[in-house]
Structures are given as structure tokens and as C-alpha cells.
Amino acid sequence: MSFRTANPVEAYRYITEQEATYLDVRTPEEFVAGHAKGAVNIPLLTMGPDGRQPNPQFLEQVLAAFPKEAKLVVACAAGGRSTKACEVLSRHGYAHLLNCDGGFKGRCDPSTGATLVKGWEAEGLPVE
């Protein structure tokens, strides 16, 4: 895989120093509730009658929005969907990807609920 992973503070630094774009792969419903300032929303999953389901147009939508040379910070709520999105994008030639561990909301320990990585919002980074 040709992407790296960083926490939200490092991701913000990459955006500001490298003129990267924040690609939010959460559902439109999650995005509307709050997102990183200037983020572009292309969902990896969408809400359907049976819950979340893969967005069959994800790759096509990213290709239409960003050239393969684009510098992208890929983020979701906690880091799982963004990791999958980075895997898809790197397989299709995107080389400047940074996966945002902790995403917008933060990553927690599934058994204890303790915060493992603060999210973009909790770090006090710019939101809309």
C-alpha cells in the first residue's frame, strides 16, 4: 500500500503545508452534522434500507474530483473507512494519500470505550 497514517494534528499540518485536500468518506448524513473546514465529501458507504452499503460509484467520483497526483487527507469518523478508502485509491494510482487515524470523531478502544486517538473535532481543528 502506498499511503501513510497520521493523527489529526499531523493531518492538519499536511493540509496546510502541502496544500492537501481533506477527503471525507463518511456518509452525507454524517458530513452535514459537522466536518473539517474545506472538506470534500465522497462517501465510501451510503445509507440504504438495510443500513450502510458500499457506494458503487466511490472510485468514479474520486477520479472525477481529483487527479491521481492530488494530495489527499482521507478521513472518516474514526479511521476504519478511511483506511479502506486509501487501500482502494492507492490500488488505482493515487500516490499522495494520508489516512487520518482518529478521523473526525476519534478512535476508541472497543472494549473499554477509552479514547485511543482524539479526532479532528476534539483536537480543536477547524470545522464547519
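Suppose only helical runs count, i.e. DSSP H with n ≥ 4. What mean residue ellipticity at 222 nm does that imply for the chain under -39500 (n - 2.57) per run, divided by all residues and rounded to the nearest 500 deg cm²/dmol?
Working: 4 runs with 36 residues, N = 128.
Per the formula, -8000 deg cm²/dmol.
Rounded to the nearest 20 Debye, what is the dipole magnitude of the range 3-118 about its Cα centre when Lys and Arg each give +1 and Asp and Glu each give -1 at the C-beta?
It comes to approximately 140 debye.
What is the packing order of peptides 51-63, 21-33, 5-17, 96-108, taking the mean over residues of other C-beta atoms within 10 Å and listing the highest first?
So the peptides 51-63, 21-33, 5-17, 96-108, ranked by packing, come out 96-108, 21-33, 5-17, 51-63.
List the aspartates and glutamates whose alpha-carbon lies under 13 Å from that of LYS118, not counting same-chain residues fewer than 8 positions away?
Qualifying aspartates and glutamates at Cα under 13 Å: GLU10, ASP101, ASP109.
Classify the range 3-118 as rounded, prolate or oblate, taking a ≥ b ≥ c as the square roots of the eigenvalues of its Cα gyration tensor: rounded when a/c is under 1.5, otherwise prolate if a/b is larger than b/c and oblate if not.
Working: a/c = 1.60, a/b = 1.08, b/c = 1.48.
Taking the square roots of the gyration eigenvalues as a ≥ b ≥ c, the range 3-118 is oblate.
Bear in mind these aren't lab numbers, they're just calculated from the coordinates by the rules spelled out. Please read these numbers as outputs of a predicted model, since none were measured by experiment. Please note: Cβ atoms are built from the backbone with ideal geometry, for glycine as well, and neighbour counts cover all protein chains shown.
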